[in-house]
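> Below: one structure in structure tokens.
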Amino acid sequence: MSDFSMDLNDDQITLRDWVHGFAEKEMRPIAAEWDEREETPWPFIQEAAKLGVYGLDFIMNAIRDPTGLSMMIVLEELAWGDAGLCMSLMGTTLGVAAIVSNGTPEQQMEWVPRCYGTPDDIKLAAFAVTEPDAGSDVSSLRTRALYDEAKDEWILNGTKTWITNGGIANVHVIVASVDPKLGSRGQASFIVPEGTSGLSMGQKFKKMGIRASHTAEVVLEDCRVPGSCLLGGKEKLDEKLARVREGRRASSQAAMATFEATRPAVGAQALGIARAAYEYALDYAKERKQFGRLIIENQAIAFKLANMKTSVDASRLLIWRASWMAATRKPFTSGEGSMSKLFAGETAVRVTEEAIQILGGYGYVRDYPVERWHRDSKIYTIFEGTSEIQRLIIARAISGVHIR
Ligand SMILES: Cc1cc2nc3c(=O)[nH]c(=O)nc-3n(C[C@H](O)[C@H](O)[C@H](O)COP(=O)(O)OP(=O)(O)OC[C@H]3O[C@@H](n4cnc5c(N)ncnc54)[C@H](O)[C@@H]3O)c2cc1C
């Protein structure tokens with residue numbers, strides 16, 4: 001007898017309804033304002049922490065679900081509320097994912113709570129991989145980490161760009177090269193604690209979408225961190241480097257391990273935006289009259305909505321499958337994590353564009369949320385691996401060929 005079920009259990013339904021209520025009451029009414037202000041929505045994050053939607057307990061409860069679905073349900077609802085505000089809460093989770101993927105149990109115990117802080121004293125985290133000359137090509141990172149044996153300290157130098165919560169985070173996780181000759185196999189992740197001198201914020205970027213989420217450069221100039229800030233520890237790193245130098249198989253790359261774990265979660269956010277746009281367009285099409293009839297009575301409009309709903313539901317199925325596979329420790333043999341992010345990201349762009357079309361001129365102006373959702377959706381085909389890179393991962397996985 002298989003125990004497979006597509007039904008959500010009572011806990012998941014309660015969680016979904018609670019987060020949906022939060023998204024409806026606390027996010028939708030302020031979304032347009034924070035999009036315009038284009039700055040970190042501190043009062044919102046504070047409120048989310050007080051209500052229990054931001055913080056260690058919230059994330060741990062969602063992650064602990066053995067089916068893997070709870071986190072996906074939460075993210076879909078939050079992004080349905082607003083993707084920029086959602087990212088202002090979830091940027092921290094990227095840093096946390098890096099610590100959980102690469103840190104020792106002791107490092108996880110010490111640093112994960114410090115990424116969130118408490119409702120009275122909220123903290124943020126950031127995960128910094130990308131550099132001006134190293135985006136999709138993570139193997140070419142120039143940020144260097146040198147070990148000062150006498151002081152048992154690591155010295156970081158380099159510039160990171162496009163970093164969510166970059167420069168304002170209390171905990172930065174920085175991916176740096178320890179041995180550039182080894183490419184991505186010669187990289188490691190380092191925690192830079194709050195107040196460490198040598199880390200500063202560079203340019204803050206003005207963006208097309210998810211504008212409530214802070215994105216900036218992070219500059220590292222002789223930034224010294226204790227040896228204990230190397231995620232996984234020195235012994236493990238030395239063993240890995242020795243294996244790579246001898247041409248033996250090494251464990252997965254530091255940055256890639258994090259991205260593998262977070263792709264379905266990124267897809268779930270794209271899904272939330274797509275569903276929001278689909279629902280809005282459906283309601284609108286059932287109210288708007290032209291030529292004396294509802295616009296939904298035209299096949300041209302109804303078929304768009306049929307396609308939108310089909311893609312939204314297909315995205316959810318791919319995301320739930322990938323997340324369930326990850327939670328039940330089934331390997332992504334065909335790039336299932338990438339498939340979920342690829343499909344949901346492209347669905348969000350297409351569905352939000354169709355929603356604009358269904359609203360006509362009303363879809364194009366800021367009095368209605370649909371144009372914002374379209375702007376917000378586009379990042380989901382770019383960050384955490386562009387659509388092209390997701391296709392590369394899937395193509396390599398299914399073919400076994402090193403496709404370029
Ligand atoms: C709002 C925002 C937030 C972000 N947050 C973070 C963060 O928190 N931390 C972090 O580390 N990074 C972050 N990023 C960076 C993001 O992950 C990168 O922008 C992304 O990986 C793409 O890198 P790139 O911009 O340098 O594009 P490039 O790698 O230069 O790619 C340019 C184009 O070339 C294509 N391309 C590149 N290589 C190939 C190939 N081999 N085959 C086919 N096509 C290819 C790409 O798909 C893309 O279309 C963020 C970016 C943005 C915009």
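> With a/c under 1.5 counting as rounded, go ahead and sort the range 91-208 into rounded, prolate or oblate using the C-alpha gyration tensor (a ≥ b ≥ c being the square roots of the eigenvalues; past the cut-off, prolate if a/b is larger than b/c, else oblate).
Numbers: a/c = 1.62, a/b = 1.18, b/c = 1.38.
Taking the square roots of the gyration eigenvalues as a ≥ b ≥ c, the range 91-208 is oblate.
> What is the fewest-to-most order of R275, R288, R248 by other Cβ atoms lying within 10 Å of their Cβ? Can you show the working numbers first?
Working: R275 23, R288 15, R248 9.
By the 10 Å Cβ count, ascending, the order reads R248, R288, R275.
> Relative to the longest principal Cα axis of the chain, at what angle does helix 336-359 sit, 0 to 90 degrees, rounded to 10?
40 degrees
> Another question, if that's okay. In angstroms, what radius of gyration and Dmax does the chain have, counting Cα atoms only?
21.6, 82
> Something else about it: Would you list which aspartates and glutamates come within 18 Å of K181, measuring only between C-alpha atoms, while excluding same-chain residues fewer than 8 positions from it?
Excluding near neighbours in sequence, the set is E131, D133, D137, D238, E239, E246.
> Now for a different question. Rounded to whole Å, give me the distance from the Cα center of the range 349-387 to that of the range 36-52.
Between the Cα centre of the range 349-387 and that of the range 36-52, the gap is 23 Å.
> On to the next question. Nearest 10 degrees is fine. How inclined is helix 234-245 to the longest principal axis of the chain, computing both from alpha carbons?
Long axis of 234-245 versus the principal axis of the chain: about 90 degrees.
> Additional query: Among all the aspartates and glutamates, which ones have a C-alpha under 16 Å from K341's C-alpha, if same-chain residues fewer than 8 places away are not counted?
Within reach: E76, E260, D313, D376, E384, E388.
> Let me have the relative contact order for the range 10-121, percent, based on Cα pairs under 8 Å that are six or more residues apart. Numbers along the way, then the final one.
Working: 79 pairs, mean separation 40.9, N = 112.
Once divided by the residue count of the range 10-121, the mean separation gives 36 percent.
> When every alpha-carbon pair in the range 254-399 is counted, what percent end up more than 21 Å apart?
Values: 4826 of 10585 pairs.
Above the 21 Å cut-off, the range 254-399 has 46 percent of its Cα pairs.
> Across all directions of projection, what mean area in square nanometres is found for the Cα convex hull of the range 10-121? Walk me through the numbers on the way to the answer.
Numbers: hull surface 28.1 nm².
Projected over every direction and averaged, the Cα hull of the range 10-121 covers 7.0 nm².
> Go through K123/K236; K160/K204; K160/K330 and tell me which ones have a Cα-Cα distance over 23 Å in this structure.
Listed pairs above 23 Å: K123/K236; K160/K330.
> Could you order the peptides 71-84, 143-156, 370-383, 97-110 from most to least packed, using the average number of other C-beta atoms within 10 Å per residue? Don't jump to the answer; show the numbers that get you there.
On the way: 71-84: 27.2, 143-156: 15.8, 370-383: 23.1, 97-110: 18.6.
For the peptides 71-84, 143-156, 370-383, 97-110, the packing ranking is 71-84, 370-383, 97-110, 143-156.
> Against the empirical 2.2 N^0.38 Å scaling, what ratio does the C-alpha Rg of the range 164-311 come to? Show your work: numbers first, answer last.
On the way: Rg = 24.0 Å, N = 148, 2.2 N^0.38 = 14.7 Å.
Normalised Rg, Cα atoms only: 1.64.
> Among 302-315, 391-404, what's the highest-first ranking by average C-beta atoms within 10 angstrom per residue?
Numbers: 302-315: 17.0, 391-404: 13.2.
Taking the mean over residues of other Cβ atoms within 10 Å, the ranking is 302-315, 391-404.
> For a quick check, take a GNM of the chain with Cα springs below 10 Å and name the residue from M27, M339, M60 with the largest mean-square fluctuation.
Per the Cα network of the chain with a 10 Å cutoff, M60 tops the list.
> Quick one: which residues, 5+ away or cross-chain, put their amide H under 5 Å from the amide H of T130? H built at 1.01 Å from N.
Residues meeting the criterion, in which the H sits 1.01 Å from N, are T161.
> Given a cut-off of under 8 Å on Cα pairs at least six residues apart, what relative contact order in percent is computed for the chain?
Numbers: 752 pairs, mean separation 66.5, N = 404.
Relative contact order for the chain comes out at 16 percent.
> Report relative contact order for the range 308-394 in percent, whole number only (criteria: Cα-Cα under 8 Å, sequence separation at least 6). Don't skip to the end; give the middle numbers.
Details: 82 pairs, mean separation 27.1, N = 87.
Worked out over the range 308-394, it gives 31 percent.
> Here's a follow-up. Residues with amide H under 5 Å of K123's amide H, sequence separation 5 or more or different chain, H placed in the peptide plane at 1.01 Å from N; which?
G117, T118
Laboratory data are not the source of any read-out in this text; all were calculated from the coordinates shown. Small disclaimer: the values here were computed from a predicted structure and weren't measured. Note that we place each Cβ from the backbone using ideal geometry, even for glycine, and neighbour counts take in every protein chain shown.
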